[in-house]
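No value in this document is a laboratory result; all are computed from the given coordinates. It should be emphasised that the depicted structure is a prediction, and the values quoted were computed from it without experimental measurement. Positions of Cβ are backbone-derived with ideal geometry, glycine not excepted, and every protein chain shown enters the neighbour counts.
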Amino acid sequence: MPISRDILEDLDEPSLLRRLTGRDWLWALLVLIGTAIAFDRFHADFGTIQDVLLASTAAGMIALGWFWRQFEGFSLAVTVLSLSAIALYGNSLAAAHRDPLLLFLLSSPVAITWSCALFLLANAIYLLGLAVRSDSASQGLLSWGSRLTWAAVTMGFVALMVRWRESYLLGPAEAQIPISDLFDVFVLFNVVTGLLYLYFETRYRQKSLGGLALLIVSAASLFTFYLMFQFHGAHIGPVNPELRSYWIKIHVPALFIGYGAFAIGAMVGGAWLLRARAERLYPDGRVTRRLPDLQTLDDVMYRYNALGFVFLTLGTILGALWAEQAWGAYWSWDPKETEALVVWLNYAAWLHMRYTNGWRGKTMAIWTIVGLLLTTAGFIGVDVFLPGLHSFGRL
Amino acid sequence: MKLEETAGRLPARRRRSTAAVVLEFLGSMNLAITLLVAVAVAAVIGTVLQQDQAYSDYQLKFGPFWFQVFKALGLYDVYSAGWFLFILAFLVTSTSVCVWRNGPAMLREIRRFRLDVQSKSLERMRLHAKIETSSELAGVSARAERLLRNNGWRLRRAEHAGVITLAGMKGGANRLGYLLTHVGIVVILAGGLMDSKLPLQYKLVSGQLKVETRDLPASKVPADSRLGLGTFSFRGNISIPEGSTANFVYLPMGDGFVIQKLPFDLTVKKFTVKHYITGQPSDFLSQVVLHDPRNGKTIEKTIRVNHPLVYDGYEIYQASFGDGGTKLDFTAWSLDGGKQTKGKGAVFGRYALGTGSDARSLELEDFRLFNIDQLPGARGQTTPRNLGPSVTFKLRDAQGVAREYVNYFAPQLIDGQMYYLSGVRASPAEPFRYLHIPAGPHGGVERFMAMAAALHDPGVLKRVAGRMAEAALQAARVKNEKMRARVTDSTVHLLNLFARGGYDMVLADIEKRVPKDRRQSAADVFLKVLNSGLEGVYAHVLAQQGITQPTQKDWNWFQRAVPTLSVLSEYGAPYYLQFTGFKHIQAAGLQITHHPGTVVVYTGAAMLVLGVFLLFFLSHRRIWVRMESRGEGGTNVLFAGTTNRNPADFEREFNRLKEIMFAPLKPDRIPER
């Protein structure tokens, strides 16, 4: 029997190459140019590992931009602002006291202040957007919350970039990627968590979760302020020789993607509980109207926890490799390692319960929040109070 | 651990053997979760309770009763405790059983396309859609096949009695994720067990090995505390002085150690600490030579933090540093007689000082070339200052009671004046209290020592007191021998009290002898007399040094010396050690490990990482298209799908495919869902 031709048309899914637009290629070109410049300037100081890291960064950024359009504009903003700050500094930190742009916007303590303040403001506006009576006002407010969050994340990343440069301007004792003490990693936590949340916004076309999701970032921002004003957290001190290793550049960020994902997972768990309660009390209320439905929230919570688990696993194993090289033991039952293990076991149990016993809803939401408390208590408590190999974050 | 419902079927009920029951228990989810929680709790205990401290510290902290209880529970070394290893072994077993029971089904799932699925079960799936079209079966099936293939689906096709079934699958590797993660955990734990202390502990328990708890040099350690080359896995430490060679390491065990022999000789040629200009150490480098007598090989390398030396499965790390027996020159000033004894010694050496009640054993403990002190500055920043070299030592009396001292070579600038500092404490739990010896006008401690000696010289005191009494009586125009003797005696008495116990002893004496209501006035008088006496003694000391007209500077020195003289009795030693020269010899603290299990652990870790990525970022999705010819030239199409992860994403994908699939088909009618 002949088969009519029209029934076989329009079936091809365009391949990746064909789906890419001119904009995508432009993005790739920009990243490659940036990478080439970096390689040209620094390859004399690079070893194989650094070359590999640079190449992977380039590939990762191209892929991330293709995968998530908003990331492109964000990266460009971070690049332009960071390079401007670096250019303004020239070869002397003294410029921070002279140049108005550095003084009020771009020098790292100022940029961090901006970032934290913007997070707090964004959070407030998101919450307002969830709470106001009028739906159109809500839309407007939520959009503004989103813009402010992008601004906060941008400033935070710029701050880290600039801080990196500042540490090199201070001298060889201080020169280090700024993810090595408690203050640094709080800034890192803010930006990573903010970015992870923003990805959700794009992916689910939903902004109403912002007010709840960012609560944890707001708390961390307040703590950043506390460190800054009570403990001179923004001061860049000399670096412990143990931390002079390329491992820190992958070990710490991997773990903070994990921590950030757990943090949002817990906040979504909170949103689940809030919505479940609202559905009972005010079935037609604003929260019920605006928050994603329970099943979506459950799904989102699971996804963030799974993402966190993957990166916690990766980060911990990278840490083990580093530990083997630095301390001669891949596992020392150091408080921090043990804390990571406890957190890992907790989420492993959570995921097992969901998969194999099919647990959903309230218990899992509460458990997720408890999990975050455990993670936080472990992270800050171990860092600040228990002596060990990882005590880099003492106050 | 149970599988998803889609993967397994409930077995028919029948009498089960004991083995099956045990297996079921071992592989059960509840057991697994219980074990995970148990490990977590143990880990929390191990974190909160500091591990591997000296037993005496624990005893102090918990008291004798709880110390014993905790010791019996193995809480001081949780991770080597029998019960903890038992839980881990249980966890390995549970996970293995789980993989054993579910693994084959998982592998089948990857291969099986389930073409035999019934249309009823397809209709029960949450995602399914039906259409009745007038298009021909052949065309519809060709369309479905091409659609799925073009979108990357692996396909199987079955045709039977006018029904064509297409079964498509994507992301089957997700199931591999399950296998890789669980097998990975088992492999990691197995590797960890290979590297554990378990074999050594067995040797301890069975009496083949004894822990050495005495502080002995390595050469004196008896043979039953030594391990030969056969040890499977170990991690030990050794401190090798510059220029020395060692072929063993210490393995810490319980509250002592055993000695592990190495197959090679390790010589430390030089140890260097590099500093930043701010004084913080920037790097630690050990230049070592490794010589293997088995094959005659010699390797030279510099070991740094993060850059170990790896040789034949042994890894040598820069772990710490210390003194390697620095040679020291010193002068021991006796604080009650002004005698000075010159001596030589080396760090870790023990030397006898003095005789009789002044006999002390000098134990030189440590030498530090730099002492970076952080002076607080503005805005939380600190300015580093180098106090120069120092020596830590103990002075132990005949009863065995020791005090710990730290003496700085150079005088330090404090409030604009130079002082020689000597810290003292009775136990390591206390902070050092510092004796401030004011430096003489030309540096040195000679003037202070002369002053201390004069205070302990009865002849000097008598002469000074006599002269004071004379002057006082003359001023009062009294001539009375008896009175003069009494004034002299009481002045000598006061000076003696001061020399023995400072102002405190003088005041205590007044309290004892003078009624309460007259104490204040008496104290005023006595202290005045005492101070004149001290000035007299000082004048005598100055005169001996050829100074008859003391300047303001001399008197300033006196003002600073008196408080120090007053607290000299609390110094706790009849000597002040002035260190005058040194030859610095350092020791590199190296950690040497032999961990054959590392490769196994890494393999497991790689499996685990790959596994979690497959497990969470892939989902195992299936789509079925069941097409049935209606006889009169049309086709009934049933489009259905399932996923084991991320249903929301799959729903989107499913709906997109469904819409493309159905778009050109001319529907007769779309049945209700």
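In terms of its C-alpha gyration tensor, the range A:38-125 has an oblate overall shape, because the principal axis ratio a/c (a ≥ b ≥ c, square roots of the eigenvalues) is not below 1.5 and a/b does not outweigh b/c.
Taking 18 Å as the limit for the C-alpha separation, the pairs B:K270/B:K583; B:K261/B:K327; B:K269/B:K301; B:K220/B:K261; B:K269/B:K583; B:K270/B:K301 exceed it in the case of B:K261/B:K327. Net charge dipole, chain B: roughly 1700 debye, given to the nearest 20, about the Cα centre with Cβ charges of +1 for Lys and Arg and -1 for Asp and Glu. Only the Cβ atoms of Lys and Arg (+1) and of Asp and Glu (-1) were treated as charged; on that basis the dipole of chain A about its Cα centre amounts to roughly 1080 debye. Against chain B, whose longest principal axis comes from its Cα atoms, helix B:446-455 is set at around 60 degrees.
The alpha-carbon of B:K528 sits under 21 angstrom from the alpha-carbons of these lysines, leaving out residues fewer than 8 places away in its chain: B:K462, B:K512, B:K516.
Each 10 Å bin from 0 upward holds the following percent of the Cα-Cα pairs of the range B:260-416: 8, 26, 25, 23, 14, 4, 0.
For the range B:452-579, build the convex hull from the C-alpha positions and give me its volume per residue in Å³.
137 Å³
The distance linking the range A:24-86 with the range B:206-283 is 47 Å (Cα centroid to Cα centroid, whole angstrom).
Can you give the Kirkwood hydrodynamic radius of the range B:234-353 from its Cα pairs, in Å with one decimal? Kindly include the intermediate steps, with their values, before the conclusion.
On the way: mean 1/r = 0.0583 Å⁻¹.
Hydrodynamic radius (Kirkwood, Cα only) of the range B:234-353 equals 17.1 Å.
When B:K297, B:K197 are ordered from fewest to most other Cβ atoms inside 10 Å of their Cβ, what list results? Walk me through the numbers before you get to the answer.
Values: B:K297 12, B:K197 19.
Least to most surrounded, the residues fall as B:K297, B:K197.
So, with +1 on the Cβ of K and R and -1 on the Cβ of D and E, and no other charges, what is the size of the charge dipole of the protein assembly as shown about its Cα centre, to the nearest 20 debye? Kindly include the intermediate steps, with their values, before the conclusion.
Values: 112 positive and 86 negative charges, 336 e Å.
Dipole size: approximately 1620 debye.
Label positions at B:R463 and B:T302, each projected 7 Å from the Cα along the C-beta direction, are separated by 6.2 nm. Relative protection proxy for B:518-526, B:442-450, A:194-202, from highest mean packing down: A:194-202, B:442-450, B:518-526 (other beta-carbon atoms within 10 angstrom).
For the pair the range B:134-174 and the range B:34-102, the centres of their Cα atoms are 56 angstrom apart.
In whole percent, what relative contact order does chain B give with Cα contacts below 8 Å and a gap of six or more residues?
On the way: 1147 pairs, mean separation 142.8, N = 673.
Relative contact order, chain B: 21 percent.
For chain B, take the longest principal axis of its alpha carbons; what is the angle in degrees between that and the long axis of helix B:82-111, to the nearest 10 within 0 to 90? The angle comes out near 20 degrees.
In whole percent, what relative contact order does the range A:244-395 give with Cα contacts below 8 Å and a gap of six or more residues?
On the way: 168 pairs, mean separation 45.9, N = 152.
Reported as a whole number, the value is 30 percent.
For B:K197, the aspartates and glutamates whose Cα comes closer than 12 Å to its Cα, not counting residues fewer than 8 places off in the same chain, are B:D77.
In terms of packing, defined here as the mean over residues of other Cβ atoms within 10 angstrom, the peptides B:619-627, B:424-432, B:88-96, B:323-331 line up highest first as B:619-627, B:323-331, B:88-96, B:424-432.
Angle of helix B:29-48 to the longest C-alpha principal axis of chain B, folded into 0 to 90 degrees and rounded to 10: 20°. Mean-square fluctuations from a GNM of chain A, with a 10 angstrom spring cutoff on Cα atoms, peak among A:G171, A:G358, A:G210 at A:G358.
Toward the positive end of the charge dipole of the range A:307-388, with +1 on the Cβ of Lys and Arg and -1 on the Cβ of Asp and Glu, the farthest Cα among A:T376, A:P335, A:L321 is that of A:T376. If you model chain B as an ellipsoid using its alpha carbon gyration tensor, with each semi-axis the square root of five times an eigenvalue, the axes come out at 87, 29, 25 Å, biggest first. Express the Stokes-Einstein translational diffusion coefficient of the range A:244-395 in µm² s⁻¹, to the nearest whole number, given a Kirkwood radius over alpha-carbon pairs, 25 °C and a viscosity of 0.890 mPa s. Rounded, D is 148 µm²/s. Going by the alpha-carbon gyration tensor, a ≥ b ≥ c the square roots of its eigenvalues, is chain A rounded (a/c under 1.5) or, if a/c is not under 1.5, prolate (a/b greater than b/c) versus oblate? Since a/c stays below 1.5, the shape of chain A is classed as rounded. Note that the protein assembly as shown carries a Kirkwood radius of 35.7 Å, evaluated over its alpha carbons pair by pair.
For B:K120, a cut-off of 28 angstrom between C-alpha atoms picks up these lysines, skipping any fewer than 8 places away in its own chain: B:K2, B:K130, B:K170, B:K658, B:K666. Suppose we flag trypsin sites (Lys or Arg not before Pro) only when DSSP calls them loop and at most 12 other Cβ atoms lie within 10 Å. Which is the longest uninterrupted stretch of chain A? With a cap of 12 other Cβ atoms within 10 Å, the longest stretch comes to A:206-393.
Working from Cα pairs under 8 Å separated by at least six residues, relative contact order for chain A is 13 percent.
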